[in-house]
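The values are calculated or read from the model by the stated rules, or taken from the named source; none is laboratory data. Everything numeric in this text was worked out from a predicted model, so none of it was measured. All Cβ positions, even for glycine, are placed from backbone atoms using ideal geometry, and neighbour counts span all protein chains on display.
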């Protein structure tokens, strides 16, 4: 079963890596951005849209799918791949982030977490064991451990408590995962916590690697309120602390500059809801920074969102038309901007991969970041 997963490092420039992550549903060429399909759909996009833009792997959320339609139902219907008609690799998040984001609705104990459903107020209990059963039912290729996420700026004592609990929960996840009968091959990824404290990150990385020869690593507890330099510093620490022959997945990070900075520091996989969430609010990623399409200055602008982008929105439609869709509350506008933003990040990681392979990554990444940060205006 474990032979279904492998990682091959093909090229390296400094810490930046280009590799191939093999899964039962295909190969992911890294670095790569995974679009988030929380409820078994990348909001507004058809799986055919994702294939057309070159998306390789997508993410779904165990917590949300457990609440609706129910992980048992998804399992009965053949698992996530069949349910959502996506034949590429899938990763499921364990619900650990909801421990952080739904802080007012939950209680954490050593055994697990009791949630109050954000849908109907019903009480639910998540433990490492129950989460492994949920993720088994969903049937994703890669399943994440259940972990304890806390705010990014937490002090060392709180960060140590959550990090050490996450390691203890990982041990329980591993036992439960290995005991389950699985219809299809799956790989369990641990999550390295430790907040913005370098010593805790190193300790967690060591503790996780002492437990098993994992098929990859999750890096959690970043992009949750800490300053960006602190996040980058932790990635530098973990680049040195984690085995180099496994993929590293930076969880919940998806702004363009953070992807480039993450690749610079040895990260292989990323995910974030930002591209679709921002697209639904009229915010657009371009090489010259972020643009708000609702601004009056775009009323008669015949240019595409980004002249260098080959997504279907940029190939066909003007900024004027896209602005009109938003002002008129037409749902096509939300869909096209979501499509563009996801395409932008998928394409950005493809460019990074090419630059690593060509040996030009250092210059390419610096030029890209300089241009992206050079415009403070939203007019691009």
task: Out of the residues in the stretch 72-85 that are in contact with a helix residue (DSSP H, G or I) (Cβ under 9 Å, 6 or more places away or on another chain) and either in contact (Cβ under 8 Å) with a residue 12 or more places away in the chain or surrounded by 15 or more Cβ atoms within 10 Å (Cβ to Cβ) (or both), state the one that is farthest from residue 56 (Cα to Cα).
output: 72
- prompt: For residue 338, which of the numbered conditions (1) touching a residue at least 24 places away in the same chain (Cβ under 8 Å); (2) surrounded by fewer than 19 Cβ atoms within 10 Å (Cβ to Cβ) fails to hold?
  reply: (2)
Residue pairs meeting the criteria (Cβ under 6 Å; at least 6 apart or on separate chains; first over 18 Å from residue 351 (Cα atoms), in the stretch 1-29; second modelled with pLDDT under 95): 24/4
task: Check whether at least one residue in the stretch 239-246 is assigned by TED's automatic domain parsing to the domain that holds residue 146 and part of a strand (DSSP E or B), and report yes or no.
output: no
- line: residue 206 meets each of (1) over 17 Å from the mean Cα position of the chain (by Cα); (2) in a loop (DSSP other than H, G, I, E, B) with one exception, condition (2)
query: Within the bounds of the stretch 192-199, is there any residue that is within 17 Å of the chain's Cα centre (by Cα), assigned by TED's automatic domain parsing to the domain that holds residue 255 and either at pLDDT 95 or above or within 22 Å of residue 257 (Cα to Cα) (or both)?
result: yes
Unique match (being over 26 Å from residue 258 (Cα atoms) and under 19 Å from the mean Cα position of the chain (by Cα)) among 145, 186: 186
query: What is the one condition in (1) out of contact with any strand residue (DSSP E or B) (no Cβ under 8 Å at 6 or more places or on another chain); (2) farther than 27 Å from residue 79 by Cβ; (3) not in a helix (DSSP H, G or I) that residue 223 does not satisfy?
result: (1)
statement: In the stretch 32-82, anything in a loop (DSSP other than H, G, I, E, B), under 28 Å from residue 332 (Cβ atoms) and out of contact with any strand residue (DSSP E or B) (no Cβ under 6 Å at 6 or more places or on another chain) is listed as 39, 41, 43, 44, 45, 46, 53, 54, 68, 69
field: All positions within the stretch 177-196 that are over 19 Å from residue 245 (Cβ atoms) and crowded, with 20+ Cβ neighbours inside 10 Å
entry: 177, 186, 193, 194, 195, 196
query: Can you tell me which of 313, 283 is touching a helix residue (DSSP H, G or I) at 6+ places or on another chain (Cβ under 7 Å), modelled with pLDDT of 95 or more and surrounded by 16 or more Cβ atoms within 10 Å (Cβ to Cβ)?
result: 313
message: Yes or no: the stretch 261-280 includes at least one residue that is within 30 Å of residue 10 (Cβ to Cβ), surrounded by fewer than 18 Cβ atoms within 10 Å (Cβ to Cβ) and touching a strand residue (DSSP E or B) at 6+ places or on another chain (Cβ under 9 Å).
response: yes
Subset of the stretch 167-176 [surrounded by fewer than 21 Cβ atoms within 10 Å (Cβ to Cβ) and in contact with a strand residue (DSSP E or B) (Cβ under 9 Å, 6 or more places away or on another chain)]: 174
query: Restricting the search to the stretch 260-269, which residues are part of a helix (DSSP H, G or I) and either at pLDDT below 95 or closer than 16 Å to residue 238 by Cα (or both)?
result: 261, 262, 263, 264
query: What number goes with the only condition from (1) surrounded by 24 or more Cβ atoms within 10 Å (Cβ to Cβ); (2) free of Cβ contacts under 8 Å to residues at least 60 places away in the same chain that residue 247 does not pass?
result: (2)
statement: Those helices (runs of 4 or more DSSP H) completely within the stretch 86-203 that have 3 or more residues that are more than 30 Å from residue 26 (Cβ to Cβ) and free of Cβ contacts under 8 Å to residues at least 40 places away in the same chain are 156-179
- line: Exactly one of 41, 23, 109 is more than 19 Å from residue 130 (Cβ to Cβ), surrounded by fewer than 20 Cβ atoms within 10 Å (Cβ to Cβ) and outside the structural domain of residue 352 (by TED's automatic domain parsing), and that residue is 41
